[in-house]
Structures are given as structure tokens and as C-alpha cells.
Amino acid sequence: MSNYYNKEIETAPREYLDAIQSMRLIRMVYNCYENVPFYKKKFDEIGLHPQDIKSIADIVKLPFTVKQDLRDNYPFGLFAVPKEKLVRIHASSGTTGKQTVVGYTSGDVDRWSEGTARAIMAAGGTKSDYIHVSYGYGLFTGGLGLHYGAEKVGATVIPVSSGNTSRQVQILQDFGSNIICCTPSYAMFIGETIREMGIDPESLPLRAGIFGAEPWSENMRREIEKSLAIKAYDIYGLSEIAGPGVAYECCEQNGMHICEDFFYPEVVDPDTLEPVPDGTFGELVFTCIGKEALPLVRYRTRDVSALTHEKCACGRTLVKMQKPRGRTDDMLIIRGVNVFPSQVEHVILSLGMEPNYQIVVDRVNNLDVMTVKIEMSELLFSDSVRQIEETERRITAALQNTLGVSATVHLVEPRTLPRSEGKAVRVVDNRKL
Amino acid sequence: MPIKQISIFVENKPGRLADITAMLAKRDIDIRALSIADTTDYGILRLIVSHPEAAVVTIREEGLTVSATNVLGIAIPDVPGGFAKAIKVLANEGISVEYAYAFITPEKGHAFIILRVADNEIASEALTKAGIRLIEQRDIFE
């Protein structure tokens with residue numbers, strides 16, 4: 001059984017990909033120069049003319065784009081096409097500032113949908129499957145992104161959107177959904193709900209899940225695979241580049257194949273901005289060579305990842321990216337030490353606890369104070385205060401060991417930390433910096 | 001025959017005790033004794049109730065963390081030195097008491113005390129040998 005949506009591209013030889021990428025990059029650079037004043041100005045400033053870009057290797061000559069550029073040109077300033085060519089607008093939630101607005105031509109939507117279609121097929125999806133989409137529908141790219149991909153595959157979409165978890169479970173049972181798409185934290189929540197409702201996950205026709213839009217760990221993957229009795233696949237994307245489906249996992253489950261014919265990836269050192277070799281972690285950068293409406297040039301994602309160009313055992317030749325380790329801007333600096341929420345999660349999971357936690361950072365007397373709230377579970381609980389304090393000490397020591405900075409552990413009642421149906425609220429930074 | 005005590009993890013927030021005791025009242029579960037161990041952030045509510053299994057299920061259904069533990073119950077004469085005598089027996093045997101709490105009993109002239117020790121069997125033996133009467137679940141709820 002072939003799990004390719006587009007075998008010709010997904011297994012293409014490197015020279016063939018190079019040729020496509022070179023052709024698309026050249027066309028894109030002209031599009032930017034002629035239709036986006038922001039890019040014309042930027043190129044002129046460094047004396048770069050579109051003629052200087054002759055192949056994909058010349059990409060390093062191009063300037064970088066950052067999220068602030070999208071904000072400065074809010075809402076449509078970076079669009080390269082007139083209104084009549086746009087067919088869709090999406091926007092990111094803007095939790096850290098003004099929301100970022102993205103636009104698509106019908107060709108853009110088509111190529112983006114091909115990305116999610118590749119992801120669905122790589123996860124074993126076929127046209128005879130019911131695809132249960134529990135990502136939110138709306139300005140967020142998750143819902144519609146997977147929706148269009150599922151239709152492209154020819155499968156039957158169940159556009160449930162997020163929320164109303166017991167109804168989600170009812171649909172999983174009654175409609176017999178085969179593949180579910182949502183955030184990993186919501187998948188865990190659905191798993192908990194299934195258990196509480198006394199349903200045997202093995203009895204459901206569900207066999208795979210495609211999860212993304214927030215960081216998750218290998219431990220979380222195992223938990224989800226167990227609690228839903230499925231195989232869990234990772235999917236990567238960001239609205240600035242397209243949405244989910246920029247990269248997707250295959251059956252090997254060890255990295256995500258990037259749709260590099262549409263979204264050209266680089267990994268650079270976040271300080272020097274120089275590209276790093278394969279396998280080295282750095283900041284992931286994308287150039288939207290397959291986009292017309294919003295052709296971002298060398299967009300810095302802030303995601304920390306690494307690339308590998310080796311051919312995958314699944315047969316695909318498309319470059320793979322490692323699961324992002326964190327975000328350069330998610331990184332908390334606690335008393336001068338860099339802390340990623342994913343490290344805290346790793347500690348919690350390595351102690352056999354459920355990853356229901358929240359990091360709270362305060363500044364007390366000019367000193368950063370980090371508190372990790374963890375939900376009490378029957379595994380941690382005891383009738384003896386001494387025992388619980390011992391457990392707290394064990395967690396505190398493990399955190400200190402991994403993070404290199406001390407944290408106070410605060411045990412809270414079960415199900416009291418926010419389980420967002422969009423992105424999990426893992427960090428509350430109360431410092432007024 | 002040890003006594004079943006249930007313990008519940010309670011965050012220090014106004015109204016938590018009221019919520020939990022109301023949950024039990026709704027199921028007609030009678031509380032005969034309780035103790036609260038508290039720290040700055042949380043407390044452990046320990047209860048001796050008429051129907052421990054039902055209480056565990058009820059509390060768990062409400063989404064709280066609960067556990068059941070076997071503890072010892074003793075009856076001591078309600079006279080000065082009554083408790084001292086019992087506790088001395090354990091001290092002599094090198095048995096330390098994690099926690100203890102006393103409560104009013106239906107038996108006149110006696111006090112009941114719940115003891116949490118590491119090894120119920122060793123402690124029971126020592127207490128029985130010293131002539132201290134152990135109580136059972138049904139002594140509390142007769």
C-alpha cells in the first residue's frame with residue numbers, strides 16, 4: 001500500500017527538487033520585488049536585484065523576515081497580490097502582541113491543502129476514512145487546514161471543531177472516526193474523557209491521530225497512543241508559512257518531512273544567522289517558494305530544530321526536521337539561566353507523572369522565582385505529609401538537576417490547571433519586564 | 001482488624017472543606033472522626049466514615065485525589081494518663097507514630113484514638129499484650 005499523496009515529489013531525487021526550488025525561488029523573488037514595497041526597499045538597501053538570484057543556493061543572499069515585520073505591516077501590507085486574487089484570510093491568536101494576518105490565493109490554498117493531504121496519507125489515511133477534525137475552525141489555520149487536506153485525499157471530513165468533549169467522544173463512537181486531528185493536549189483530554197466514560201479505546205474504529213500546533217514530547221505520544229489506542233503522528237506548521245502541513249511525520253515517526261517544494265527550509269544559528277550543518281539544532285527559517293499572496297523571504301520561525309537530508313526508510317526523499325525543541329522566544333530566562341518549558345515537561349514525565357503542569361514565574365524582591373504547579377494524582381498522594389514532602393523534594397531536585405536553576409514545586413488539586421482546547425497554557429510570566 | 005481511613009488532598013482554598021463534606025452528606029455517609037494535617041499550600045483531610053468504599057468512589061468521582069489506608073484504633077479509659085500508657089507501650093517497642101487523633105465515642109468512660117504506624121501488625125500485638133483494647137470499624141458505628 002502506498003502512503004504517498006504525491007509520490008513523484010515525495011520521493012524525488014535531490015537534483016529534481018533543486019530544480020523545482022530554484023525555479024520557484026526566482027519567480028518568488030521577482031514577485032516580492034515587484035509587488036511588495038517592503039521587500040523592494042529591503043532588497044534595494046542591500047543592493048540586491050532579483051537577477052542576482054539564479055538558483056536555490058543563492059537563497060543565503062536574501063535578507064531575513066521576522067514576525068515584527070508582519071506586525072509593522074498589519075494587516076495586509078506584505079501581501080503581493082491584489083484583493084481580487086485573494087480567497088482566504090487567517091490570523092494568529094496574537095498572544096504576544098498584535099495578531100498576524102495571512103492571506104492566500106486559490107493556488108496557495110491548493111498547495112497548502114496538498115501539504116495536509118500528504119500528512120493524512122502518510123498517517124495511513126485513505127479516501128474511505130472518516131477524518132475527525134477537532135482543531136478549531138476559524139481564523140486559526142488548524143481546522144480548515146486539515147479539512148481541505150482531508151477533502152483532497154477524498155476522505156470524509158467530520159468538521160467537529162474543538163470543544164464539547166463528550167460530544168467528540170460520542171461522534172468517535174457513533175460515526176466511527178478513523179483519524180482524529182487536534183492539538184496533542186486536547187488528544188490527552190479526550191483520552192481522559194474516554195477513560196472516565198468507561199469506554200474501551202480498543203473498541204473504537206479510530207486508528208491514527210495527527211497532532212500539532214503546540215510542542216509535545218515522545219512521552220506524551222506514548223500516553224496518547226495508549227489512551228486512544230492509536231498511532232500518533234506529528235504535524236508541523238505555522239500560519240505565517242501556510243498552516244499545518246508544512247511538515248508531517250511518516251510511519252517512521254522520527255522527524256517530519258518538509259514540503260520543501262513549497263516551503264524551503266534552512267536552520268541557522270540564531271546569533272550569527274549563518275546556516276548550520278545537517279543535524280545541528282538552530283533556528284528554523286522558511287522561504288515560501290510556493291506561495292503567491294504572502295511570499296515570506298527567509299522567515300525566522302523562532303522554532304529550534306535541526307534538518308536531516310538522508311533518505312528516509314519510508315522512501316521519501318523530502319528533508320526531515322526534528323521535532324522543535326522549544327522556541328527561541330518561549331525560552332524563559334530565570335535568574336540568567338535559559339529554561340524551556342519542554343525541559344520541565346521532560347522531568348515530570350521521567351518521574352512517571354502525568355504532564356499536567358504549569359510554570360509560574362514571579363519577581364520577588366528583584367529576584368526571579370519559578371514555581372512549577374503539578375496536579376496531584378493518586379500516584380503522588382499519601383496520607384502522610386512527610387511522604388508528600390519527600391515527593392516534592394524529589395521533584396524539586398530533579399528540576400534543579402535538569403534546569404540548573406531552582407524551582408518551587410506546588411502540588412494542586414487534579415483537573416485544576418487550565419487544559420486549553422487550543423494551545424496549552426503552560427507558562428504564566430508575572431514579571432513586569 | 002484495622003480501620004479504614006480515607007485521606008483526601010485538599011488545596012488551601014476557601015470552601016474546599018465545605019464542598020467535600022457536602023459531597024459525603026449527599027450520599028448519606030457519616031463522618032465519625034476527622035483530622036487535618038496542613039502545610040502552607042495544602043492539607044490532607046483524614047476521615048473515619050461509615051462507608052469508606054462508597055466515600056472513596058464519591059470523592060474520586062468529584063475529581064479529587066483520595067486514598068484509603070489501614071490505621072489502628074484503640075479504646076483507652078477516659079482518665080488522666082490513659083493515653084500516656086498506650087503511647088508508652090509503642091515507644092518501648094520502638095514503634096513511632098506518624099500521626100494520631102482522638103474522638104468522642106459512643107462508649108461512656110472511653111476515648112477512641114486512631115493511630116498511624118508503619119506496621120499495624122507489630123503495633124497491634126504490642127498493644128494487645130499490654131492489655132490495650134483495639135477497636136474495629138463496627139465499634140465506631142454501632
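The Cα atoms of the range A:79-150 cover 39, 29, 16 Å along the three principal axes, with the biggest extent listed first. Highest mean packing first, where packing is the average number of other Cβ atoms within 10 Å per residue, the peptides B:118-129, B:68-79 line up as B:68-79, B:118-129. Using a Förster radius of 56 Å, what is the FRET efficiency between B:K108 and A:R325 based on their Cβ-Cβ separation? Nearest 0.05, please. Approximately 0.20, to the nearest 0.05. D by Stokes-Einstein for chain A, Kirkwood Rh over Cα pairs, 25 °C, 0.890 mPa s: 108 µm²/s. Once the gyration tensor of the Cα atoms in the range A:332-429 is diagonalised, the equivalent ellipsoid follows with semi-axes of 21, 17, 13 Å, ordered largest first.
Multiplying the residue separation of A:K85 and A:Q170 by 0.36 nm and removing their Cα-Cα distance gives an extension gain of 26.5 nm.
Each principal axis of the Cα atoms in the range B:71-140 has its own extent, and those three values, largest first, are 31, 25, 21 angstrom. Rounded to two decimals, the Cα radius of gyration of the range A:150-258 over 2.2 N^0.38 Å is 1.04.
For chain A, averaging the sequence separation of C-alpha pairs within contact (under 8 Å, six or more residues apart) and dividing by the residue count gives a relative contact order of 14 percent.
If a/c stays under 1.5 just call it rounded; otherwise compare a/b with b/c (prolate if a/b is bigger, oblate if not). Do that for the range B:3-69, with a ≥ b ≥ c from the square roots of the Cα gyration tensor eigenvalues. Because a/c hits 1.5 or more and a/b exceeds b/c, the range B:3-69 counts as prolate.
Distance between the modelled labels on A:L273 and A:A229, one decimal in nanometres: 5.3 nm (7 Å Cα→Cβ projection).
The equivalent ellipsoid of chain B has semi-axes of 28, 16, 14 Å, largest first, where each one is the square root of 5 times an eigenvalue of the Cα gyration tensor.
Remark: mean inter-chain Cβ contacts per residue of A:379-388 equal 6, using a 10 Å Cβ-Cβ cutoff to other protein chain atoms. Mean partner shielding of peptide B:96-106, defined as the number of other chain Cβ atoms within 10 Å of each residue Cβ, is 1. To the nearest whole percent, what portion of all C-alpha pairs in the range A:50-173 is separated by more than 21 angstrom? So the pairs more than 21 Å apart make up 56 percent of the total in the range A:50-173. Note on B:V79 and B:D38: with the Förster distance fixed at 41 Å, the Cβ-Cβ geometry gives a FRET efficiency of about 0.85.
Any read-out appearing in this document is the output of simple, stated calculations on the displayed coordinates, not a laboratory observation. Predicted model, so just to flag it, every value in this text is computed and none were measured. Every residue, glycine among them, receives a Cβ derived from its backbone with ideal geometry; neighbour counts consider all protein chains shown.
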